[in-house]
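Structure first, commentary second.
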Amino acid sequence: MMLSHVHPIPNLVSLAVIVGILAVGAVASVLGAHRDTAPLVSPVARNLQQLVGWTYDGVLRLFVILVGITVLLTGIVMIILPGPAILVIPAGLAILATEFAWARWLLKKFRNKSSALMEKLPRMLKRNADKGE
């Protein structure tokens, strides 16, 4: 077929060559099938359950990381743009905390600072109300 540009090959000859190659392959397959009696064993088949578990864990971890980073970055953008950044950032950190120790530490620090601020808030509001009277 590669020589068809140099020397023209009739269609019937080309078709006969293709059919001949397929016929030889089919006959060889039928004759050779009875000789090999050993069962085929895949090296992956023995550890397939473990491989599936590792793949599932990896995909789940990747999904958690992508969602956590997306939520965290959305919260960081909300610091500049209007939005509830004070709620979104801890949500992103909480998602990432399921996988990373640094995110757990940062979320704990954020919770401590926000709880301290919430304790001071009633006193600050009362002080501002007293000044306004």
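The values are calculated or read from the model by the stated rules, or taken from the named source; none is laboratory data. Quantities reported herein were computed from a predicted structural model and do not represent experimental measurements. A quick note on method: Cβ atoms are made from the backbone with ideal geometry, for glycine too, and the neighbour counts reach across all protein chains shown. Please note that ligands, DNA and RNA were not included when accessible areas were found on the heavy atoms of the full protein model with its side chains. Shrake-Rupley method; radii C 1.70, N 1.55, O 1.52, S 1.80 Å.
Observations
- Where a residue in region 44-61 is aromatic (Phe, Trp, Tyr) and its partner, wherever it lies, is not in a loop (DSSP other than H, G, I, E, B), with Cβ under 7 Å and at least six apart: none
- Figure legend. Inter-residue proximity from region 107-133: first residues aromatic (Phe, Trp, Tyr), second residues open to solvent by less than 80 Å² (accessible area, probe 1.4 Å), beta-carbon distance below 9 Å, spacing 6+ or different chains. Indicated pairs: Phe110/Ile89; Phe110/Pro90; Phe110/Leu93.
- Elements of type helices (runs of 4 or more DSSP H) contained in region 28-133, each with 1 or more residues being under 24 Å from the mean Cα position of the chain (by Cα) and loosely packed, with under 10 Cβ neighbours inside 10 Å: 48-80, 101-132
- Check on Ile18, closer than 30 Å to Gly92 by Cα and of a type outside the set (Ser, Thr, Tyr): no
- Scan of region 15-74 for residues that are over 30 Å from Phe110 (Cβ atoms) and either of a type in the set (Val, Ile, Thr) or touching a His at 6+ places or on another chain (Cβ under 7 Å) (or both), ordered by number: Val17, Ile18, Val19, Ile21, Val24, Val27, Val30, Thr37, Val41, Val44, Val52, Thr55
- Qualifying residue in region 39-58 (condition: over 30 Å from Leu96 (Cβ atoms) and hydroxyl-bearing (Ser, Thr, Tyr)): yes
- Just one of the listed residues (Val41, Val59) is among the β-branched types (Val, Ile, Thr) and at pLDDT 85 or above, namely Val59.
- Residue tally, condition in contact with a Ser or Thr (Cβ under 8 Å, 6 or more places away or on another chain) and modelled with pLDDT under 80, over region 85-133: 0
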